[in-house]
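The values are calculated or read from the model by the stated rules, or taken from the named source; none is laboratory data. No experiment lies behind these values; they were computed from the predicted model shown. Heads up, the Cβs are rebuilt from the backbone with ideal geometry, glycines too, and the neighbour counts pull from every protein chain shown. What goes into the accessible areas is simple: the full protein's heavy atoms, side chains included, and nothing from ligands, DNA or RNA. Shrake-Rupley method; radii C 1.70, N 1.55, O 1.52, S 1.80 Å.
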Protein chains: 2
Amino acid sequence: MEENKQQNVAQVIKDSAQDIHDKIVKSQKPTMTTPLRSLSNVAYHEKKGHFQMRGKSKIRTLTVGTVKTFAQTLKMMALSKELIDTDDMATKREAYYISKNWGKAGFDEQSESDTIMDDVEATFKINREKMKFFPEEKGGSVAGRLLVYDRDHEGSRLEIDCTKFGSGAYSIPNAVEELEFKSNADFILAIETAGAFQRLLQYGFWDSKNCILISMGGVPTRACRRFIRRLSESLEIPVYAFVDGDPYGYFNIYRTLKVGSGNAAHLSEFFCVPGAKFLGVTPQDIIDYKLPTHKLKEIDIKRAKDALKNDPFVRHYKQWQKAINQMLKMGVRVEQQAFAKHSLDFVVNEYLPEKLANTNKFLP
Amino acid sequence: MEENKQQNVAQVIKDSAQDIHDKIVKSQKPTMTTPLRSLSNVAYHEKKGHFQMRGKSKIRTLTVGTVKTFAQTLKMMALSKELIDTDDMATKREAYYISKNWGKAGFDEQSESDTIMDDVEATFKINREKMKFFPEEKGGSVAGRLLVYDRDHEGSRLEIDCTKFGSGAYSIPNAVEELEFKSNADFILAIETAGAFQRLLQYGFWDSKNCILISMGGVPTRACRRFIRRLSESLEIPVYAFVDGDPYGYFNIYRTLKVGSGNAAHLSEFFCVPGAKFLGVTPQDIIDYKLPTHKLKEIDIKRAKDALKNDPFVRHYKQWQKAINQMLKMGVRVEQQAFAKHSLDFVVNEYLPEKLANTNKFLP
């Protein structure tokens, strides 16, 4: 199955290159079409549960002015095919350095090679991990009721038991496509900060609540999102997000996790977690739990107002509009560790159990 | 042993509070003395292998103007004692939120509580982890020939085998003091970037070279440094650092790992890894391996010149002065993934084996 998918990517690359070659041989001008990557070219598809590109795209025609970009794009495609054929991979930075052997088609800065990589990805609608390109970043930590099946570098199967890490955790690899899972957990709790994750670990939360804890460490990386997505599909259990109560937590973290982001909407179908629900912290929690807060910053207010106006996800859900308006009216934001004001175990013994008893009240 | 150490911290706190109480009762003005935390108040002690505070300190006397800071410091000490007595812990952010219950002694911003925490730490010369305060950040990933012994939240002993994580890794916890280790590895390789770590994992480097791989992910966190330090002492094997060839890699990452930093010199004796040696990437490697480079930025040049002038570690070692001058003369920096220019396996099959065959040539 996996092998077939990889062969397909190689085939897609070959077909595209052949097409360009044919046109050049016939003295025609080859073109490349890339969808426009921005929030304005995105729609929220409720049934599918994620952002989708709308029709706008940019067409690049081979001319004297575009010849270098054209060559770079083709070299990048060739590198991908080579990596697939040799069952290897390259980080984005390595791909940049490999280009130093491409003569005049070499990149001057990694930002250039990253852009070409994004374009190729969007053109083929294949996520770059399938093309064997990986980001540098590591993708979060996991603890709790989960068995992960992986292979070592010699190909032997390994069982990784995430209940057996004590105060540590399992660190998600860059490539999660071939991992397999087994679990009898009731739900997955995706947590914004490493500190809150450590707190829940300390009190054995995954044990008492029979769940899987994932530390996203801020905006979840692609590997982390894909890991949660694959986990939720394979185990068929809900995903609850526990993040700070501020626009950054609501949109950059939660909305990206659930439906995707504007400039990577061509990937939403692979990377988003449509079934995710928002556990908290909500503006109403601030009142219900008498939480200490911080004043909203200028940038928070701007981000919230932008979301009300332009974010297809927020515009789709009245509940989110209500929550954001409540936050703007109260003029404050709240962090997920504010519960420590009451006591260190409050979040574990009071807040989370009360919320989890009413999952139907979670924000969508 | 561990319990004794913790009782000592509680005792130190109690004695200090008693002393202040006695002075107040006798209508004397109590004082608190904190060492000055900056590179100018630091010396490099070659025999001990780390930075040490010199004599300068600031004395705070209880007056109308200092009464709030005094109260906050005492409340912070009381919180530490409570955490020790209940065998709990608090993140730095949680400690800030707990202060919201301290009435007028509450902190307005976390930066204030962090500073008080640093002061208490420096005053008592006890690292804050021993006072049961932990940073938010997670501390790096580990793979290779290492068994880690930890306990689960119910106190049962666990064995964690770092050869069994496949493409993933073991994520170091915040608190590493009570972990135990077993290994027959020949050395520890501490790696700057997650990308280079993933590359060595992919090719089974820890298996072929019988070593332990640690991904520091930029400047290593306290937990990561303490983990490497405890590992190197308990296993009695060398630590080699593999980082980018730029001033940031040389000083912010390597020098901090090996001897400590200016504003945390009071902690060097716990957190530094005196036995660490610099494998690369060196300016000479750029020439020997024909590596692609980037031009030094203004900030790189400033940092390098500052180091030559003011860094006690650099001033101690002629070899480092030579390397930095060579870098400044060449005017370029190099990243540890630049080897990908030759081929993806070059770093694994050529560079590292050649360097490891001559560890006596490593920079100190």
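Does the range B:130-159 hold any residues that are closer than 17 Å to residue B:175 by Cβ, basic (Lys, Arg) and over 19 Å from the mean Cα position of the chain (by Cα), and which are they?
B:151, B:157
Only one of A:266, A:316, A:342 is under 15 Å from residue A:44 (Cα atoms), open to solvent by 30 Å² or more (accessible area, probe 1.4 Å) and not hydrophobic (A, V, I, L, M, F, W, C). Can you tell me which?
Criteria check complete, one pass: A:316.
What are the residues in the range B:155-170 that are more than 7 Å from chain A (Cβ to nearest Cβ) and either among the acidic types (Asp, Glu) or free of Cβ contacts under 8 Å to residues at least 12 places away in the same chain (or both), if any?
The answer is B:155, B:156, B:157, B:159, B:161.
For the range A:321-332, which positions are more than 14 Å from chain B (Cβ to nearest Cβ) and touching a residue at least 24 places away in the same chain (Cβ under 8 Å)?
A:323, A:324, A:326, A:327, A:328, A:330, A:331
Just for the range B:197-220: of the residues that are at the interface with chain A (Cβ under 10 Å from one of its Cβ atoms) and in contact with an Asp or Glu (Cβ under 9 Å, 6 or more places away or on another chain), which one is modelled with the lowest pLDDT?
Top of the filtered list is B:217.
Only one residue in A:2, A:82, A:46 is outside the structural domain of residue A:116 (by the TED database) and either among the acidic types (Asp, Glu) or at pLDDT below 90 (or both), so which one is that?
Working: A:82 fails: outside the structural domain of residue A:116 (by the TED database); A:46 fails: outside the structural domain of residue A:116 (by the TED database).
Among A:2, A:82, A:46, only A:2 is outside the structural domain of residue A:116 (by the TED database) and either among the acidic types (Asp, Glu) or at pLDDT below 90 (or both).
Count, please, the residues in the range A:209-239 that happen to be more than 19 Å from residue A:178 (Cβ to Cβ), open to solvent by 20 Å² or more (accessible area, probe 1.4 Å) and touching a residue at least 60 places away in the same chain (Cβ under 8 Å).
The qualifying residues number 4.
Which one is modelled with the lowest pLDDT among residues in the range B:131-152 that are within 11 Å of chain A (Cβ to nearest Cβ) and outside any strand (DSSP E or B)?
It comes out as B:138.
Go through B:53, B:32 for me and flag whichever is within 18 Å of residue B:123 (Cα to Cα), open to solvent by less than 60 Å² (accessible area, probe 1.4 Å) and more than 19 Å from the chain's Cα centre (by Cα).
Being within 18 Å of residue B:123 (Cα to Cα), open to solvent by less than 60 Å² (accessible area, probe 1.4 Å) and more than 19 Å from the chain's Cα centre (by Cα) holds for just one of B:53, B:32, which is B:32.
What number of residues within the range A:129-150 satisfy the criterion of being open to solvent by less than 10 Å² (accessible area, probe 1.4 Å) and within 30 Å of residue B:290 (Cβ to Cβ)?
Within the range A:129-150, residues that are open to solvent by less than 10 Å² (accessible area, probe 1.4 Å) and within 30 Å of residue B:290 (Cβ to Cβ) number 2.
The rows are residues; the columns are (1) within 25 Å of residue A:260 (Cβ to Cβ); (2) open to solvent by 40 Å² or more (accessible area, probe 1.4 Å); (3) not β-branched (Val, Ile, Thr).
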| position | (1), (2), (3) |
| --- | --- |
| A:16 | yes, no, yes |
| A:22 | no, yes, yes |
| A:25 | no, yes, no |
| A:42 | yes, no, no |
| A:70 | no, no, yes |
| A:76 | yes, no, yes |
| A:114 | yes, no, yes |
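If I ask for residues that are assigned to a helix (DSSP H, G or I) and not small (Gly, Ala, Ser), which ones from the range B:253-273 would you list?
B:253, B:254, B:255, B:256, B:257, B:258, B:263, B:266, B:267, B:269, B:270, B:271
For the range B:106-114, state whether one or more residues are at the interface with chain A (Cβ under 10 Å from one of its Cβ atoms), farther than 27 Å from residue A:216 by Cα and touching a Lys or Arg at 6+ places or on another chain (Cβ under 8 Å).
The answer is yes, given that some residue of the range B:106-114 is at the interface with chain A (Cβ under 10 Å from one of its Cβ atoms), farther than 27 Å from residue A:216 by Cα and touching a Lys or Arg at 6+ places or on another chain (Cβ under 8 Å).
Just wondering, is there one or more residues in the range B:171-178 that are facing another protein chain (nearest Cβ under 9 Å), surrounded by fewer than 22 Cβ atoms within 10 Å (Cβ to Cβ) and closer than 13 Å to residue A:166 by Cβ?
Yes, the range B:171-178 contains a residue that is facing another protein chain (nearest Cβ under 9 Å), surrounded by fewer than 22 Cβ atoms within 10 Å (Cβ to Cβ) and closer than 13 Å to residue A:166 by Cβ.
Cβ contacts < 6 Å: first residue touching a residue at least 24 places away in the same chain (Cβ under 8 Å), restricted to the range A:18-41; second residue loosely packed, with under 11 Cβ neighbours inside 10 Å, any location; separation 6+ or different chain. Result?
Listed pairs, sorted by first residue: A:31/A:59; A:33/A:59.
Take the residues in the range B:274-298 that are touching a residue at least 60 places away in the same chain (Cβ under 8 Å) and in a loop (DSSP other than H, G, I, E, B), then tell me which one is surrounded by the most Cβ atoms within 10 Å (Cβ to Cβ).
Checking each candidate, the answer is B:282.
Got at least one residue in the range B:329-337 being assigned to a helix (DSSP H, G or I) and open to solvent by less than 10 Å² (accessible area, probe 1.4 Å)?
Among the residues of the range B:329-337, not one is assigned to a helix (DSSP H, G or I) and open to solvent by less than 10 Å² (accessible area, probe 1.4 Å), which makes the answer no.
Might you let me know whether the range A:120-128 holds any residue that is of a type in the set (Ser, Thr, Tyr), touching a residue at least 40 places away in the same chain (Cβ under 8 Å) and not assigned by the TED database to the domain that holds residue A:213? I'd like the intermediate steps shown before the answer.
Restricting attention to the range A:120-128, the residues satisfying the condition of being of a type in the set (Ser, Thr, Tyr) are A:123.
So of that shortlist, the ones also touching a residue at least 40 places away in the same chain (Cβ under 8 Å) come out as A:123.
Add one more test, that the residue is not assigned by the TED database to the domain that holds residue A:213, and what stays is A:123.
Yes, the conditions are met somewhere in the range A:120-128.
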